[in-house]
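Okay, structure first, notes after.
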Amino acid sequence: MQLLLEKEHQQLIDILDVLDKCVLKGNSANQVVKHLDDFVTLAGDHFKNEEKIMEAYKYTDITDHKKEHARLLERLHTLHNQLSKGQTPFGKDYMQLLRNWLEAHLLGTDKRLEEFLYKINAGSDEKDI
(Lines give C-alpha, C1' and ligand atoms only; values in the text may rest on other atoms or scores of the structure.)
Protein backbone atom coordinates (compact mmCIF):
# COMPACT_ATOMS: atom_id res chain seq x y z
CA MET A 1 0.00 0.00 0.00
CA GLN A 2 2.65 2.53 1.00
CA LEU A 3 4.75 1.30 -1.91
CA LEU A 4 1.86 2.07 -4.27
CA LEU A 5 1.66 5.62 -2.95
CA GLU A 6 5.43 6.06 -3.23
CA LYS A 7 5.34 4.76 -6.81
CA GLU A 8 2.54 7.18 -7.69
CA HIS A 9 4.44 10.06 -6.07
CA GLN A 10 7.47 9.24 -8.24
CA GLN A 11 5.27 9.06 -11.33
CA LEU A 12 3.87 12.53 -10.55
CA ILE A 13 7.42 13.88 -10.20
CA ASP A 14 8.44 12.18 -13.47
CA ILE A 15 5.51 13.69 -15.35
CA LEU A 16 6.36 17.14 -13.99
CA ASP A 17 9.95 16.66 -15.20
CA VAL A 18 8.70 15.78 -18.70
CA LEU A 19 6.30 18.73 -18.64
CA ASP A 20 9.09 21.05 -17.49
CA LYS A 21 11.37 19.91 -20.35
CA CYS A 22 8.50 20.39 -22.78
CA VAL A 23 8.00 23.98 -21.59
CA LEU A 24 11.72 24.79 -21.57
CA LYS A 25 12.13 23.50 -25.15
CA GLY A 26 9.22 25.67 -26.27
CA ASN A 27 7.18 22.71 -27.50
CA SER A 28 3.69 23.26 -28.84
CA ALA A 29 0.72 24.00 -26.63
CA ASN A 30 -0.78 20.65 -27.69
CA GLN A 31 2.23 18.79 -26.29
CA VAL A 32 2.07 20.76 -23.05
CA VAL A 33 -1.66 20.03 -22.74
CA LYS A 34 -1.03 16.31 -23.35
CA HIS A 35 1.52 16.12 -20.52
CA LEU A 36 -0.72 18.20 -18.28
CA ASP A 37 -3.54 15.74 -19.09
CA ASP A 38 -1.29 12.91 -17.92
CA PHE A 39 -0.50 14.78 -14.70
CA VAL A 40 -4.16 15.58 -13.98
CA THR A 41 -5.22 11.98 -14.64
CA LEU A 42 -2.50 10.50 -12.45
CA ALA A 43 -3.13 13.05 -9.68
CA GLY A 44 -6.84 12.20 -9.70
CA ASP A 45 -6.15 8.45 -9.58
CA HIS A 46 -3.55 8.93 -6.86
CA PHE A 47 -5.94 11.01 -4.77
CA LYS A 48 -8.62 8.32 -5.05
CA ASN A 49 -6.12 5.69 -3.89
CA GLU A 50 -4.99 7.82 -0.97
CA GLU A 51 -8.56 8.54 0.05
CA LYS A 52 -9.47 4.83 -0.01
CA ILE A 53 -6.52 4.13 2.26
CA MET A 54 -7.42 7.01 4.59
CA GLU A 55 -11.01 5.74 4.83
CA ALA A 56 -9.91 2.15 5.46
CA TYR A 57 -7.62 3.23 8.30
CA LYS A 58 -9.95 5.94 9.63
CA TYR A 59 -7.32 8.63 9.18
CA THR A 60 -8.06 11.50 11.55
CA ASP A 61 -7.13 14.30 9.10
CA ILE A 62 -9.05 12.84 6.16
CA THR A 63 -11.37 15.84 5.74
CA ASP A 64 -8.57 18.39 5.37
CA HIS A 65 -6.55 16.05 3.17
CA LYS A 66 -9.51 15.52 0.84
CA LYS A 67 -10.11 19.28 0.69
CA GLU A 68 -6.51 19.81 -0.38
CA HIS A 69 -6.95 17.21 -3.13
CA ALA A 70 -10.17 18.86 -4.31
CA ARG A 71 -8.56 22.34 -4.39
CA LEU A 72 -5.66 21.15 -6.50
CA LEU A 73 -7.85 19.22 -8.92
CA GLU A 74 -10.05 22.27 -9.35
CA ARG A 75 -7.00 24.44 -10.10
CA LEU A 76 -5.62 21.84 -12.51
CA HIS A 77 -8.92 21.55 -14.38
CA THR A 78 -9.21 25.34 -14.62
CA LEU A 79 -5.65 25.61 -15.94
CA HIS A 80 -6.22 22.75 -18.36
CA ASN A 81 -9.40 24.36 -19.72
CA GLN A 82 -7.66 27.70 -20.15
CA LEU A 83 -4.73 26.08 -21.97
CA SER A 84 -6.99 24.01 -24.19
CA LYS A 85 -8.85 27.13 -25.26
CA GLY A 86 -5.64 29.11 -25.77
CA GLN A 87 -6.61 31.55 -23.04
CA THR A 88 -3.36 31.37 -21.10
CA PRO A 89 0.24 30.50 -21.85
CA PHE A 90 1.79 27.69 -19.83
CA GLY A 91 5.25 28.59 -18.65
CA LYS A 92 7.72 28.62 -15.82
CA ASP A 93 5.26 30.24 -13.41
CA TYR A 94 2.82 27.35 -13.71
CA MET A 95 5.64 24.81 -13.47
CA GLN A 96 6.83 26.46 -10.26
CA LEU A 97 3.28 26.43 -8.89
CA LEU A 98 2.93 22.69 -9.63
CA ARG A 99 6.35 21.85 -8.21
CA ASN A 100 5.75 23.92 -5.07
CA TRP A 101 2.37 22.29 -4.54
CA LEU A 102 3.74 18.77 -5.06
CA GLU A 103 6.67 19.36 -2.74
CA ALA A 104 4.46 20.86 -0.03
CA HIS A 105 1.92 18.04 -0.40
CA LEU A 106 4.51 15.26 -0.34
CA LEU A 107 6.57 16.70 2.51
CA GLY A 108 3.59 17.94 4.52
CA THR A 109 0.17 16.40 4.08
CA ASP A 110 1.32 13.05 2.67
CA LYS A 111 4.19 12.79 5.16
CA ARG A 112 1.69 13.03 8.04
CA LEU A 113 -0.42 10.31 6.39
CA GLU A 114 2.67 8.14 5.95
CA GLU A 115 3.61 8.57 9.63
CA PHE A 116 0.05 7.69 10.67
CA LEU A 117 0.06 4.54 8.52
CA TYR A 118 3.48 3.55 9.82
CA LYS A 119 2.25 3.75 13.42
CA ILE A 120 -0.87 1.77 12.58
CA ASN A 121 1.07 -0.92 10.74
CA ALA A 122 4.02 -1.18 13.13
CA GLY A 123 4.12 -4.77 14.24
CA SER A 124 1.02 -5.83 12.31
CA ASP A 125 0.13 -6.95 8.82
CA GLU A 126 -1.13 -4.25 6.44
CA LYS A 127 -4.81 -4.29 5.54
CA ASP A 128 -5.73 -5.33 2.04
CA ILE A 129 -7.29 -2.50 0.13
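The values are calculated or read from the model by the stated rules, or taken from the named source; none is laboratory data. Remember, predicted model here, so these are calculated numbers, not experimental data. Reconstructed Cβ throughout: ideal geometry from the backbone, glycine too, with neighbour counts over all protein chains shown.
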Out of Asp17, Asp93, report the one residue that is at pLDDT 90 or above and either exposed (fewer than 15 other Cβ atoms within 10 Å of the Cβ) or charged (D, E, K, R) (or both).
Asp17
Any idea which of Gln2, Gln11 is in contact (Cβ under 8 Å) with a residue 60 or more places away in the chain, within 26 Å of Leu117 (Cβ to Cβ) and either polar (S, T, N, Q) or loosely packed, with under 14 Cβ neighbours inside 10 Å (or both)?
Gln2
I'm trying to understand the selection: among the residues of the range 76-93, which are without any contact (Cβ under 8 Å) to a residue 24 or more places away in the chain and assigned to a helix (DSSP H, G or I)?
Thr78, Asn81, Gln82, Asp93
Identify, please: which residue in the range 21-49 is crowded, with 18+ Cβ neighbours inside 10 Å and without any contact (Cβ under 8 Å) to a residue 24 or more places away in the chain and is, among those, farthest from Leu107 (Cα to Cα)?
Cys22
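Of the residues in the range 1-23, how many are in contact with a helix residue (DSSP H, G or I) (Cβ under 8 Å, 6 or more places away or on another chain) and either of a type in the set (A, V, I, L, M, F, W, C) or more than 18 Å from Lys48 (Cα to Cα) (or both)?
Final tally of qualifying residues: 12.
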Assess whether Thr63 counts as being over 22 Å from Leu16 (Cβ atoms), part of a helix (DSSP H, G or I), β-branched (Val, Ile, Thr) and free of Cβ contacts under 8 Å to residues at least 24 places away in the same chain.
yes
Lone qualifier among Lys58, Lys66, Lys52 - being out of contact with any Leu (no Cβ under 8 Å at 6 or more places or on another chain), crowded, with 16+ Cβ neighbours inside 10 Å, more than 22 Å from Asp14 (Cβ to Cβ) and not polar (S, T, N, Q)
Lys66
Any chance you could count how many residues in the range 1-60 are out of contact with any His (no Cβ under 8 Å at 6 or more places or on another chain) and among the aromatic types (Phe, Trp, Tyr)?
2
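Any idea which residue in the range 7-59 is farthest from Leu72 (Cα to Cα), counting only those that are in a helix (DSSP H, G or I) and small (Gly, Ala, Ser)?
Applying the filter and picking the extreme gives Ala56.
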Checked the range 14-61 for anything within 17 Å of Glu114 (Cα to Cα) and more than 19 Å from the chain's Cα centre (by Cα); matches are Ala56, Tyr57, Lys58, Thr60
Quick one: would you say Val18 is more than 13 Å from Asp110 (Cα to Cα), among the aliphatic types (A, V, I, L, M) and free of Cβ contacts under 8 Å to residues at least 40 places away in the same chain?
yes
